[in-house]
């Protein structure tokens, strides 16, 4: 099993919810002040992808360049600030990749799957 532990946390998503960046819709009014805090205890180095508590695809400029070479039109890059929580230094060169083409590739009717119902009292 692969577990990706978030190394970045966003305390204020500036009105954007997690689902806003998984719907495949162009974001017209983005707040460039949106800040992720990088916890060096959880990850010792900045990688080309930073796992985060919002589940957004937070990518470096290097990965952004590679993705742009592959597909020039279907990803919107939204700049964010990344701050090293240890010394408050700004880590430059990260954006959220907003995929504008979302494909429905999972066929639930022909898949083995199960639904887990959550008790509303236990959902946090």
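The values are calculated or read from the model by the stated rules, or taken from the named source; none is laboratory data. Just so it is clear, the model here is predicted, and its values are computed rather than measured. Ideal geometry is used to build each Cβ from the backbone, glycine not excepted, and the neighbour counts take in all protein chains shown.
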Answer yes or no as to whether residue 60 is over 15 Å from residue 11 (Cα atoms) and free of Cβ contacts under 8 Å to residues at least 24 places away in the same chain.
no
For residue 61, are the conditions met, namely being surrounded by 11 or more Cβ atoms within 10 Å (Cβ to Cβ), farther than 20 Å from residue 19 by Cα, at pLDDT 85 or above and in contact with a helix residue (DSSP H, G or I) (Cβ under 7 Å, 6 or more places away or on another chain)?
no
Among (1) modelled with pLDDT of 90 or more; (2) under 16 Å from the mean Cα position of the chain (by Cα); (3) surrounded by fewer than 13 Cβ atoms within 10 Å (Cβ to Cβ), residue 19 falls short only on (1)
